[in-house]
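Colleague: My questions all concern the structure below.
The values are calculated or read from the model by the stated rules, or taken from the named source; none is laboratory data. No experiment lies behind these values; they were computed from the predicted model shown. All Cβ positions, even for glycine, are placed from backbone atoms using ideal geometry, and neighbour counts span all protein chains on display. With ligands, DNA and RNA removed, areas are computed over all heavy atoms of the protein, side chains included. Shrake-Rupley method; radii C 1.70, N 1.55, O 1.52, S 1.80 Å.
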Amino acid sequence: MPYKLMKGNHALAEAAIRSGLALFGGYPITPQSEILEYLSDHLPAAGGVFVQAESELAGINMVYGAAAAGFRAMTSSSGPGFSLLQEGISYIASAELPAVIVDVQRYGSGLGDIFQAQGDYWMATRGGGHGDYRTIVFAPASVQESVDMMPLAFDKAEQYRNPCLILSDASIAQMMEPVLLPEKIACNPDHDWAVRGKRGQAFKRVTSTMYYIADFDAYIKKKYDTIQENEQRWEAVQVEDADVVLVAYGISSRICKEAVALARAKGFRLGLLRPITLWPFPEKGFAAVNPDVSAYLSVELCALPKLADDVRLATGMNVPVSHFLGGAHTPSSRAVVEAAAALLNQ
Amino acid sequence: MVRVICAGFGGQGVLTAGLVLAEVAMNYGKKVTWVPSYGSEMRGGTASCRLRIRDTEILNPFFEEADLLIAMNQNSLDTLQGQVVQDGVIVSNSTMVNVSGLRSGVRVVETPATAVAAELKNPRGANLVMLGAAVAAIGLFPAEAFADGIDAYFAGKGHGNPLNRACFLRGAATAGRG
């Protein structure tokens, strides 16, 4: 199969179509508007429905409706638009319906700015909306992963009947890399939980399932515990003998991979643990780390550290955890190596 | 491994020149990343894209030092020449760019890209003249084969134009190695 040179946003949108996307409802905002642009052009031709909604609120609720009818549905947004999706995501989680939500992160709170950032980490991994729910959060580090995570996100959303998030950022969205695209699959909306018309159909729950389930607290706890146990994904790069381990996801992890290579060339035993799922956080990945590791360094494109908290929780705070922040600027791999080396010398 | 910055005024086709290079490199089996300039600098200032071309996995798409700078206007040369490594290559559009006073330790290839493109009656092909000079200067790909890649690229977009190939090859001829 030949490689195709694609922009992150376009590749992600094409992968959604090939994953059986039936409805997209959303509202444009930089840096994810190419997702809408691409889908408006290609999704109808592939038999799906594209709606440019009047707002993000409308878009996420269209997704809720399509999901209730058993269809694969998706929305995408960024920055303030992602904030507006949270109520709807909570409703979809509460109704135990599958959906895929893409957040192409941009910098800053409020209006912010359009360049890459990783500041939505807490919002993505802690639920974002009100109440007791979690979303499975996939963090692509390349254009190829933006493609590969799309069918996976839909599959996991349906397996657990829970919304899944793909947490991209402006740099992965705007850059181009060669990709291999999956074959298009056909999806049958006739799930046993889906509302498929009144005649001959049993009662279906497509609003908050808490009204219908005895001992809901235990039920929902068990559901998220199961996801936490079974869905942790990560990549470990030379952590077994590392004196310092970097922890980074998405675009930051690319910088850190280069930092590991740079450091190793100089005899500095640096490693990288890259969370591929941010929730569930890959606590299991830390088991392979050198038991005598001196320090962890969380590398994030944020003004305030966030991922570092999860590293502390995963490691039981037995080893010092520091952070190296990119803020509005993308750090160099050399600067990451220097920051890591400084920890070793403390 | 090659790190390339391609820069000029918005409208000079620097993003497209980078895209053509990325696509041809990909079709040669190379790993490649193409990162556009992005944010406020796109509005009224210099447009640029940055590529990495490599045989193995590209770890970090960003870089601070480049092996090759393709500078289509003066501002690009002035602001980006400091990022070129010692013994790196700067391809300069001599129709618009004055390289006198440039730092030493870099190889400068001058090609009158804007004038050549006008002469060949393909004024929007100045970016391809520059690309021709760059490809010949670094010797990463054979020029004729690369020209086939250019034809394929524009034909694939529905904009096939034999003058694009002509621009590229003229650029390559101005920059013979050595």
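Colleague: Just order A:215-222, B:158-165, A:17-24 by mean Cβ neighbour count inside 10 Å, highest at the front, would you?
Modeller: A:17-24, B:158-165, A:215-222
Colleague: Let me ask something else about it. Classify segment B:111-161: rounded, prolate or oblate, from the alpha-carbon gyration tensor (a ≥ b ≥ c, eigenvalue square roots; a/c under 1.5 rounded; otherwise prolate if a/b is larger than b/c)?
Modeller: Oblate, since a/c reaches 1.5 and b/c is not below a/b.
Colleague: Rounded to the nearest 0.05, what FRET efficiency do A:Glu87 and A:Glu183 give with R0 = 30 Å and r taken as the Cβ-Cβ distance? Could you check?
Modeller: That gives a FRET efficiency of 0.25.
Colleague: Going by the alpha-carbon gyration tensor, a ≥ b ≥ c the square roots of its eigenvalues, is segment A:73-150 rounded (a/c under 1.5) or, if a/c is not under 1.5, prolate (a/b greater than b/c) versus oblate?
Modeller: oblate
Colleague: Can you compute the modelled spin-label distance between A:Asp192 and B:Asn75, with each label point 7 Å from Cα toward Cβ, in nm?
Modeller: Taking the two extended label points, one gets 6.4 nm.
Colleague: Segment A:214-283 to segment A:59-87: how many Å between their Cα centroids?
Modeller: 27
Colleague: Could I ask something else about it? 7 Å from Cα along Cα→Cβ at both A:Asn345 and A:Asp132: what's the point-to-point distance in nm?
Modeller: With each label placed 7 Å out from Cα toward Cβ, I get 5.1 nm.
Colleague: Can I ask one more? With an 8 Å cut-off on Cα pairs and a minimum separation of 6 or more residues, tell me the relative contact order of chain A in percent.
Modeller: Computed value for chain A: 17 percent relative contact order.
Colleague: Check which residues have an amide H placed less than 5 Å from A:Ser298's amide H, if you skip close sequence neighbours.
Modeller: A:Val247, A:Ser322, A:His323, A:Phe324
Colleague: Another question about this same structure. Given +1 on the Cβ of Lys and Arg, -1 on the Cβ of Asp and Glu, and no further charges, what dipole in debye does segment A:146-212 carry about its Cα centre, rounded to the nearest 20?
Modeller: With Lys and Arg at +1 and Asp and Glu at -1, about 660 debye.
Colleague: Provide the descending list of Cα extents for the protein assembly as shown along its principal axes, expressed in whole angstroms.
Modeller: Largest first, the protein assembly as shown extends 80, 61, 40 Å along its Cα principal axes.
Colleague: Please compute the modelled spin-label separation between A:Glu338 and A:Arg264, points set 7 Å along Cα→Cβ, answer in nm with one decimal.
Modeller: 2.4
Colleague: Something else now. How long are the semi-axes of the equivalent ellipsoid of segment B:11-83, taking √(5λ) for every eigenvalue λ of the Cα gyration tensor, in whole Å from largest down?
Modeller: Gyration-tensor ellipsoid for segment B:11-83: 22, 13, 11 Å.
Colleague: Roughly how compact is segment B:44-106, stated as its Cα Rg over 2.2 N^0.38 Å to two decimals?
Modeller: In units of the globular-protein estimate, segment B:44-106 measures up at 1.19.
Colleague: Show which aspartates and glutamates lie in cross-link reach of B:Lys30 when reach means a straight Cα distance below 16 angstrom and same-chain residues fewer than eight apart are skipped.
Modeller: A:Glu177, B:Asp55, B:Glu57
Colleague: Based on the Cβ-Cβ distance from B:Glu64 to A:Tyr212, what FRET efficiency comes out when R0 is 41 Å, to the nearest 0.05?
Modeller: Approximately 0.10, to the nearest 0.05.
Colleague: Sticking with this one: Amide H neighbours of A:Asp169 under 5 Å, counting only residues 5+ apart in sequence or on other chains, H built in-plane at 1.01 Å?
Modeller: Under 5 Å from the amide H of A:Asp169: A:Gln105.
Colleague: For B:Met72, what residues show an amide H to amide H distance below 5 Å, using hydrogens built from the backbone and excluding near sequence neighbours?
Modeller: It is B:Ala7, B:Gly8, by chain and number.
Colleague: Output the peptides A:41-54, A:248-261, A:328-341 sorted from most to least packed, where packing is the average of other Cβ atoms within 10 Å over each peptide's residues.
Modeller: Top to bottom by mean Cβ count within 10 Å: A:248-261, A:328-341, A:41-54.
Colleague: Where both partners of a DSSP beta bridge lie in segment A:234-344, what percent of those bridges are antiparallel, to the nearest 5?
Modeller: Percent antiparallel among DSSP bridges in segment A:234-344 is about 25.
Colleague: As I understand it, the value is the acute angle between the Cα axis of helix A:250-265 and the longest principal axis of the Cα atoms of chain A; what does it come to in degrees, rounded to 10?
Modeller: On a 0 to 90 degree scale, this one is about 20.
Colleague: Related question: So what is the calculated 222 nm ellipticity per residue for chain A, using -39500 (n - 2.57) for each DSSP H run with n of 4 or more, over all residues, to the nearest 500 deg cm²/dmol?
Modeller: The helix contribution divided over chain A gives -11500 deg cm²/dmol.
Colleague: Here's another thing I want to ask about it. Of the heavy-atom accessible surface of segment A:234-344 (probe 1.4 angstrom), what whole percent is carbon and sulfur?
Modeller: That share works out to 55 percent.
Colleague: Further question: Count the net charge of all other residues whose Cβ sits under 12 Å from the Cβ of A:Ile101, scoring Lys and Arg as +1 and Asp and Glu as -1.
Modeller: Net local charge, A:Ile101 excluded: -3.
Colleague: How long are the semi-axes of the equivalent ellipsoid of segment B:2-174, defined as square roots of 5 times the Cα gyration tensor eigenvalues? Whole Å, largest first.
Modeller: Semi-axes (√(5λ), whole Å): 21, 20, 16.
Colleague: Mind checking the dipole of chain A: about its Cα centre, +1 per Lys or Arg Cβ, -1 per Asp or Glu Cβ, Debye to the nearest 20?
Modeller: 380
Colleague: Could you give the angle, 0 to 90 degrees to the nearest 10, between helix A:79-94's Cα long axis and the longest principal axis of the Cα atoms of chain A?
Modeller: 60
Colleague: By the gyration tensor of its Cα atoms, with a ≥ b ≥ c the square roots of the eigenvalues, what is the shape of segment A:234-344: rounded for a/c under 1.5, prolate for a/b over b/c, or oblate?
Modeller: Since a/c stays below 1.5, the shape of segment A:234-344 is classed as rounded.
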